[in-house]
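The values are calculated or read from the model by the stated rules, or taken from the named source; none is laboratory data. The model shown is predicted, which means the values in this text are computed figures rather than measured ones. Note that we place each Cβ from the backbone using ideal geometry, even for glycine, and neighbour counts take in every protein chain shown. Quick note on the areas: whole protein, heavy atoms, side chains included, nothing else; ligands and nucleic acids left out. Shrake-Rupley method; radii C 1.70, N 1.55, O 1.52, S 1.80 Å.
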Amino acid sequence: KALKNISVKLGSISNFNDLKTIILIDIINVLQINGGAIVFKYSDKLEIIHEGDIDVQQVEQLVANSLEDHDLILFEINKHEEYTSYLVITGKRTHTYMSLEELNWLKLIMTYLAASLENLYLIRKLTVNLEELAAHIPGEQATEDFVWFRRTMFALQEKERYRISMDLNDSTMQDIFFVKHKVYDLLKKHEAGSEAESQIRGILTHLELMNESLRQSCFE
């Protein structure tokens, strides 16, 4: 059931950020591990998408230097002439070894991921090329042949902006709201006029400023 669920979700992935919210969370929950990461190793840099309780610096060292790490397990997903991708996972929450069934499930997931990551990389590369092409088309000389392209690029940008604003609203702003309530509870435990009460009110003011700033960003 989990395998089918992830295979269906892979079909809806359109950018690298989706790998975290759509795939990594499912892998962590199904395998009952602490955390996981998908890593892209280029000739000059690493790109890491991670979720859960996993040390990103350890992941960097493991992938960059191919050093053995007993806390992490490294799987190569695919090897491309321009990059190599990996899946890095922690041990199980129960501190037990993975079963053969779980390892076979993981191998199938990586087979699906290999094709999906290749598509995502090509989409990203194509998008960059299209943006470069658009930058070299003078507005006054644009013909009807390029009108559809400009409209499509604008629509894609607007869709991505909307997605980011919804992510901020659903995650970060909700987190701030949660922290504010916790700080208010803490405030009730201190006497009015005390130094601690003054500091806590300063924290609440700062949280409110952060909230307003994010709200304005979402609106824009």
Residue in segment 27-34 that is within 30 Å of residue 127 (Cα to Cα) and in a helix (DSSP H, G or I) present: yes
Quick one: residue 87 ticks every box in (1) of a type outside the set (Ser, Thr, Tyr); (2) touching a helix residue (DSSP H, G or I) at 6+ places or on another chain (Cβ under 7 Å); (3) closer than 20 Å to residue 33 by Cα; (4) open to solvent by 20 Å² or more (accessible area, probe 1.4 Å) except a single one, so which number is it? (4)
Give segment 43-79 a look and list any residue that's within 21 Å of residue 116 (Cα to Cα), touching a helix residue (DSSP H, G or I) at 6+ places or on another chain (Cβ under 9 Å) and either in contact (Cβ under 8 Å) with a residue 12 or more places away in the chain or open to solvent by less than 60 Å² (accessible area, probe 1.4 Å) (or both), or say none. 46, 48, 49, 50, 51, 74, 75, 77, 78
Whichever residue in segment 6-47 is at pLDDT 80 or above and of a type in the set (S, T, N, Q) and, among such residues, is nearest to residue 60 (Cα to Cα): 43
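Hey, any hits in segment 181-198 for a residue that's farther than 24 Å from residue 18 by Cβ, part of a helix (DSSP H, G or I), in contact (Cβ under 8 Å) with a residue 24 or more places away in the chain and basic (Lys, Arg)? Explain how you work it out, then say what you get.
To start, the set of residues in segment 181-198 that are farther than 24 Å from residue 18 by Cβ comprises 181-198.
From the residues that got through so far, the ones that are part of a helix (DSSP H, G or I) too are 181-187, 195-198.
Now restrict to residues that are in contact (Cβ under 8 Å) with a residue 24 or more places away in the chain: 183.
Add one more test, that the residue is basic (Lys, Arg), and what stays is none.
So far as segment 181-198 goes, no, none of its residues is farther than 24 Å from residue 18 by Cβ, part of a helix (DSSP H, G or I), in contact (Cβ under 8 Å) with a residue 24 or more places away in the chain and basic (Lys, Arg).
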Unmet requirement for residue 82, which otherwise passes all of (1) closer than 26 Å to residue 2 by Cα; (2) open to solvent by 40 Å² or more (accessible area, probe 1.4 Å); (3) not polar (S, T, N, Q): (1)
